[in-house]
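So the structure is just underneath, and the comments pick up after that.
The values are calculated or read from the model by the stated rules, or taken from the named source; none is laboratory data. This is a predicted model, so every value here is computed, not measured. Ideal geometry is used to build each Cβ from the backbone, glycine not excepted, and the neighbour counts take in all protein chains shown. The protein model used for the area step is the full one, side chains on, heavy atoms only, and it has no ligands, DNA or RNA in it. Shrake-Rupley method; radii C 1.70, N 1.55, O 1.52, S 1.80 Å.
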Amino acid sequence: MPDSWLDLAPDAQFGLATLPYGVFSTDADPAPRTGVAIGDHVLDLGAAARALDAPFADIVARPDLDALMAAGRPVWERVRAALTDWFTDPAHADAVRPHLVDRSSVRMHLPFTVADYVDFYASEHHASNVGRIFRPEQEPLTPNWKHLPIGYHGRAGTIVVSGTDIVRPTGQRKPPTETSPLFGPSTRLDIEAEVGFVVGTGTELGERVSVDSFADHVFGVFLLNDWSSRDLQAWEYVPLGPFLGKSFATSISPWIVPLAALESARVEQPAQDPEPLPYLRGSRPWGLDLRLEVRLNGHLVSTPPFSGMYWTAAQQLAHMTVNGARLRTGDVYASGTVSGPEVGQRGCLLELTWSGKEPLRLPDGTERSFLEDGDEVTITATAPGPDGAVVHFGEVSGTILPAR
């Protein structure tokens, strides 16, 4: 990687390898606007683009990423190349420096308008553990699991930016000891550590997206916590699947890492047996070597490896559109819970505590089977970048408030 005239610290969270996009405001200027994180700073992208007379200024001088995402891959590449040039060529320093803001002073906003939301179930380790917990006398994986990426449509309107408090959901639940359902706050509130993808370039109704066209449609990648009420979900999900147990809140990280930043993180995915149908095959691997960390009240409780996901995001997009379903700018889809083969790599409390039977003991001496009011969950992630650099994803966090 080239050096920056900004004199970035070697361990800077957002270096030249990342350059993620977000939407921010400050106390001095409360209007939301598009920004790019670099080191301890945020660049006001629209203001800088106008100062440098960039041809894409009108696309990025907005209170959201919608127009940039819709502009398509050639524009995405042009903007990223310009940013790299602005931050590495000292000739641009005087024009760029006035539009840098201290990152510690900004407030982050939901970075784009969410269109639709799909959640997948792509970790074999997670799906197998859940199957053993819920169906101990049966095969842990359902017969279709290794033939297609299983998913469901979620609630786009309850996707919130990191830092938004999460109100404990209320609904029906039926404990095994009861003959009829109870109504009240969820008592088995959980997390799901996931990776999210956002669509930039849409499609027409009836059009299908191939695995190899993934990078032409997906703008960027971020962290996602799909909060889950296990007791509401267990009572309602047969036969149609997740509903109120999932739709109350989904948190996403505020910084969107461009897909182009992850070229060095591409790896082979786990071997797929049986071989997927032709529409789920591609010419190049789209496994991604992301390393997640999950913290509960500041304590590290899990390190899920994304490289072990059975189904890739490219295969998920191909399956999501194989029936002709239309893509729209702002469509979000999530990987499903990221879990690895080790106990300390499980991406939800359901697995970490084996449905509450093996409570998690935290370093401060407290125990958790599921989340309690006041608990804060934070998920972070990194990936390898070019020339030994590290791509950072920032964090997605949320604190549980009591039910209303």
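Of the listed requirements (1) outside any strand (DSSP E or B); (2) hydrophobic (A, V, I, L, M, F, W, C); (3) in contact (Cβ under 8 Å) with a residue 60 or more places away in the chain, Val195 misses just one: (1). The residues on offer are Asp85, Asp58, Asp27, Asp89, and the sole one that is over 30 Å from Leu327 (Cα atoms) and either polar (S, T, N, Q) or surrounded by fewer than 13 Cβ atoms within 10 Å (Cβ to Cβ) (or both) is Asp27.
Scanning region 334-355 for residues that are assigned to a helix (DSSP H, G or I), open to solvent by less than 10 Å² (accessible area, probe 1.4 Å) and of a type in the set (A, V, I, L, M) yields Leu349, Leu350. Listed by first and then second residue, the pairs linking a residue in region 154-165 that is farther than 15 Å from Ser247 by Cα and touching a residue at least 60 places away in the same chain (Cβ under 8 Å) to a residue that is open to solvent by 40 Å² or more (accessible area, probe 1.4 Å) and of a type in the set (D, E, K, R), with Cβ atoms under 7 Å apart and 6 or more places separating them unless they lie on different chains, are Ser162/Glu395.
In this structure, does Gly220 turn out to be in contact with a strand residue (DSSP E or B) (Cβ under 8 Å, 6 or more places away or on another chain) and open to solvent by 20 Å² or more (accessible area, probe 1.4 Å)? So Gly220 fails the test. Check whether at least one residue in region 107-117 is modelled with pLDDT of 95 or more and within 30 Å of Ala271 (Cα to Cα), and report yes or no. The answer is yes; a qualifying residue exists. Among the candidates Thr177, Thr201, the residue that is at pLDDT below 95 and either touching a Lys or Arg at 6+ places or on another chain (Cβ under 7 Å) or over 19 Å from Leu296 (Cβ atoms) (or both) is uniquely Thr177.
Taken together, the residues in region 367-402 that are touching a residue at least 12 places away in the same chain (Cβ under 8 Å) and farther than 24 Å from Ser253 by Cα amount to 3. Tell me the residue from Ala17, Ala12, Ala71, Ala67 that is within 23 Å of the chain's Cα centre (by Cα) and modelled with pLDDT under 95, please. Checking each option against the conditions leaves just Ala12. Kindly evaluate Thr187 against the criterion of being modelled with pLDDT of 95 or more and open to solvent by 60 Å² or more (accessible area, probe 1.4 Å). When the stated conditions are applied, Thr187 passes them. Taking Val211 as the residue in question, decide whether it is crowded, with 19+ Cβ neighbours inside 10 Å, under 16 Å from the mean Cα position of the chain (by Cα), of a type in the set (A, V, I, L, M, F, W, C) and within 29 Å of Leu68 (Cα to Cα). It is false that Val211 is crowded, with 19+ Cβ neighbours inside 10 Å, under 16 Å from the mean Cα position of the chain (by Cα), of a type in the set (A, V, I, L, M, F, W, C) and within 29 Å of Leu68 (Cα to Cα).
Looking at region 255-278, I want the residues that are open to solvent by less than 10 Å² (accessible area, probe 1.4 Å) and have a partner that is of a type in the set (Asp, Glu) with Cβ atoms under 7 Å, at least 6 apart or on another chain. Which pairs are those? Pairs found: Ala265/Asp289.
Considering only residues in region 358-399 that are part of a loop (DSSP other than H, G, I, E, B) and among the aliphatic types (A, V, I, L, M), the one that is nearest to Ser302 (Cα to Cα) turns out to be Leu362.
Being touching a Gly at 6+ places or on another chain (Cβ under 6 Å) and open to solvent by less than 10 Å² (accessible area, probe 1.4 Å) is the filter here, so list the residues in region 195-208 that pass it. Val198, the sole residue that qualifies.
If you filter region 1-42 down to residues that are of a type in the set (Gly, Ala, Ser) and touching a Gly at 6+ places or on another chain (Cβ under 6 Å), you find that the one that is farthest from Val106 (Cα to Cα) is Ala17. The residue of region 91-148 that is farthest from Phe14 (Cα to Cα), among those that are of a type in the set (Val, Ile, Thr) and under 16 Å from the mean Cα position of the chain (by Cα), is Val118. Checked against the criterion of being among the β-branched types (Val, Ile, Thr), touching a Cys at 6+ places or on another chain (Cβ under 6 Å) and at pLDDT 95 or above, the candidates Thr366, Thr337, Thr399, Thr312 yield just one match: Thr337.
Here Thr366 clears all of (1) hydroxyl-bearing (Ser, Thr, Tyr); (2) buried (at least 19 other Cβ atoms within 10 Å of the Cβ); (3) more than 22 Å from the chain's Cα centre (by Cα) except the condition numbered (2). Scan region 217-235 residue by residue and report those that are assigned to a helix (DSSP H, G or I) and either more than 14 Å from Arg188 (Cα to Cα) or among the β-branched types (Val, Ile, Thr) (or both). His217 - this is the single residue of region 217-235 that is assigned to a helix (DSSP H, G or I) and either more than 14 Å from Arg188 (Cα to Cα) or among the β-branched types (Val, Ile, Thr) (or both).
On the given criteria, is Asp331 in contact (Cβ under 8 Å) with a residue 24 or more places away in the chain, on the phi < 0 side of the Ramachandran plot and open to solvent by less than 40 Å² (accessible area, probe 1.4 Å)? Yes: the conditions hold for Asp331. Region 247-307 holds strands (runs of 3 or more DSSP E) entirely within its bounds, and those carrying 2 or more residues that are β-branched (Val, Ile, Thr) and at pLDDT 95 or above map to 250-252.
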